[in-house]
Structure formats: C-alpha cells, structure tokens
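A.B. asks: Handing you this structure, nothing more for now.
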Amino acid sequence: MSNTASFRARLHAGSNLVGTFLKTPTSHGTEIVGDLGFDFVVIDQEHAPFDRMATDIALLAARATDTPALVRVSGPDAILPALDCGASGVLVPHVATVEYAREAVALCRYGGGRRGFATSTRAGRYTAVPMWQHIKERDEQTVVVAQIEDPQALDQIEAIAAVEGIDSLFIGRADLTSAFADQSKDPPAVRDAVEKICAAARKCRKPISVYIGGDTEATWLRSLGASMFVLSSDQGFLRAAAANGLASVRKALTVA
C-alpha cells in the first residue's frame, strides 16, 4: 500500500509521523520535502497564498512523490476543492464547537455525509476509479483533523474529540497564547489548555497533532501523547538555512 493510501491507518495506529507546513505556493517545496522522507505535508491555505490552482499544483507534486498531503483549509467551502484535487485530508481551523466538528466531518464523507460526488477529478483519477470503489476508498482514507485553538473549544473539548469521523485534534498553541494574552515565556493557561486537549484526545482514543519548532518541544508533547508532528515550514527551513549560510560565510570572510 502506498504512503498516501496508508496514512490514515498509520495515524490511528499511533505511528510517529513528522511533516511540515508548506507556505510557498509552488510544487518545489513538496518535491523537496517528499524526497527527504517526511511523512506528510500540510498545504497552508489559511496563512499562505494558496489559491485553488496553487493548491492543485502542490497536490500534484505530493501525488508524484507519494507524500500524504493535508490542506489547512481557509474555511468549509474550501474542503471539497481540496479533496477533489487529491488531498489526503484536511486540517480545519477554529473547530470550537461540536456542531462545527460534525459539519467538517460531513463535508469530507460520502457515506452519511455531504461530500459532493465526482470522479472526474485527480481524487477519482479522472473517471478511472469506479464510483463505489472511489466512495469506499475516500471514506476510508480521508483524514479530518480538528484544529483546537479557541478558549471556547476547551469547554466542550471531550465532546469535540468524541465526534465520529474526527481523526485527530491539532493543538493551536499560538492562537491560544494570543487569546489568553499572557506574554510570559510559558503561559500557565496555555500549558493547562494543551494538557486538557491531550487528556480529551487520549480519553477518546484520538491521535494528537502538534506544531513543533524542534526536538525539545517534540519530546515534551510526545510525553503527553502526541504522535503527529508538524515541524516548522518550507519558509522556516529556508530562512534558517539562509541565516546559517550567511553567518558562516561572513565569519570566514572576517577571519580571512
């Protein structure tokens, strides 16, 4: 089974999965990350300039490198286009209520849901996949990740986690930090929120997804049960490598 086809099963099996955000609307970041062996990518429509065409191109590169690709959608109307273009699933921002969690799931599922049907898409291999095979495979393999980033969501976090079809909870620590408006280095309210979200996910046997800046955060969040890690972004890697390269050359030239 391909990496893409097995992604949801590996997520639910608790495999440690490491991916990255894609912020630059080209195919190249996907190709490079896929070639390096990252387990998945997240195409960021919410905070990067990915329109449908740019998303389509990035997903083509993901398909070519057999790299599972989630799309962090800009809103519910963007879910169907992302799935039709061949996304492995979606990361849905600001899931703060049970009702919205259920809506997100319904928009991703044929059976019992409201996903619009078509096989004339990349997801249906341009009509090559028979109708019922397509329905079965997409319902079995499509990943739905709920991003928990609003204090409001904490009041009903167990109920959100329990929604059938939500595959994972993604902890939005930056938005929670902003919402709590605590400028200290390690805000207690944010740490408490992280632990509460993790506890709810563990209780409902849902994988925990997190953004990390490096191995220290990965170790801490793994201890709380996280198994899907989004490490930096293509732009983050570019900036870090460029900064290191520039500093190294300037140091050498100064010495010389």
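A.B. asks: Compute, for the chain, the length of the dipole vector about the Cα centre, with Cβ point charges of +1 (Lys, Arg) and -1 (Asp, Glu) only. Units Debye, rounded to 20.
C.D. replies: Once rounded to the nearest 20, the dipole reads 440 debye.
A.B. asks: Taking 8 Å as the Cα distance limit and 6 or more residues as the minimum spacing, I'd like the relative contact order of the range 108-196 as a percentage.
C.D. replies: 22 percent
A.B. asks: Would you tell me the accessible area of ASP186, worked out with a 1.4 angstrom probe on the heavy atoms of the protein chains, in Å² to the nearest 10?
C.D. replies: Accessible area of ASP186: about 80 Å².
A.B. asks: Taking the Cα atoms of the range 81-127 alone, what are Rg (to one decimal) and Dmax (as a whole number) in Å?
C.D. replies: Spelled out, the Cα radius of gyration and Dmax of the range 81-127 are 11.8, 37 Å.
A.B. asks: Could you state the accessible area per residue of the range 1-96 in Å², with a 1.4 Å probe and every protein chain left in place?
C.D. replies: On a per-residue basis, 39 Å².
A.B. asks: Moving to a separate point now. For the chain, set up a Gaussian network in which alpha carbons nearer than 10 Å are linked by springs, and say which option among VAL145, VAL92, VAL129 fluctuates the most.
C.D. replies: Result for the chain, Cα springs under 10 Å: VAL129 fluctuates most.
A.B. asks: Accessible area of the range 1-121 with a 1.4 Å probe: how many percent of it is carbon plus sulfur?
C.D. replies: 55 percent
A.B. asks: May I ask for the net charge around ALA200, where only other residues with Cβ less than 12 Å from the Cβ of ALA200 are counted and Lys, Arg are +1 while Asp, Glu are -1? Let's see the in-between values first.
C.D. replies: Working: positive: LYS196, ARG202, LYS203, ARG205, LYS206; negative: ASP155, GLU158, GLU195.
Residues near ALA200 contribute +2 overall.
A.B. asks: Treating cross-link reach as a plain straight distance, find the lysines whose alpha-carbon is under 25 Å from the alpha-carbon of LYS185, omitting any fewer than eight places away in the same chain.
C.D. replies: LYS196
A.B. asks: Here's a follow-up. Using the alpha-carbon centroid of each, what span in Å lies between the range 45-118 and the range 183-221?
C.D. replies: Answer, in whole Å: 24.
A.B. asks: Report the relative contact order of the chain, percent, no decimals, based on alpha-carbon pairs under 8 angstrom and at least 6 residues apart.
C.D. replies: The normalised contact order for the chain reaches 19 percent.
A.B. asks: Using label points projected 7 Å from each Cα along Cα→Cβ, tell me how many nm separate ALA189 and PHE117, to one decimal.
C.D. replies: So the label points at ALA189 and PHE117 sit 4.8 nm apart.
A.B. asks: Moving on. Got a sec to turn the phi values of the range 219-227 into Karplus ³J(HN,Hα) couplings, 6.51 cos²θ - 1.76 cosθ + 1.60 with θ = phi - 60°, whole Hz, x for Gly and Pro?
C.D. replies: Listing the rounded values in order: 5, 4, 6, 5, 5, 8, x, 5, 9 Hz.
A.B. asks: What are the principal axis extents of the Cα atoms in the chain, in Å, biggest first?
C.D. replies: That works out to 68, 41, 30 Å along the principal axes.
A.B. asks: Hey, another quick one. When the chain is modelled as a GNM with alpha-carbon springs shorter than 10 Å, which of SER223, SER27, SER88 fluctuates the most?
C.D. replies: Taking springs between Cα atoms under 10 Å, the residue moving most is SER223.
A.B. asks: Which length gain, in nm to one decimal place, applies between TRP220 and GLU140 when the Cα-Cα distance is subtracted from 0.36 nm times their residue separation?
C.D. replies: 25.7 nm
A.B. asks: Name the residue from VAL210, ALA123, ALA199 whose Cα lies farthest towards the positive end of the charge dipole of the range 121-230, charges +1 on Cβ of Lys and Arg and -1 on Cβ of Asp and Glu.
C.D. replies: ALA123
A.B. asks: What value, in deg cm²/dmol to 500, does the helix sum -39500 (n - 2.57) over DSSP H runs of n ≥ 4 give at 222 nm once divided by the residues of the chain?
C.D. replies: -14000 deg cm²/dmol
The values are calculated or read from the model by the stated rules, or taken from the named source; none is laboratory data. All of these numbers come straight from a predicted model, not from anything done at the bench. Neighbour counts are summed over all protein chains in view; Cβ atoms, including those assigned to glycine, are modelled from backbone coordinates with ideal geometry. When the accessible area is computed, the model is the full protein with side chains, heavy atoms only, and any ligands, DNA or RNA have been set aside. Shrake-Rupley method; radii C 1.70, N 1.55, O 1.52, S 1.80 Å.
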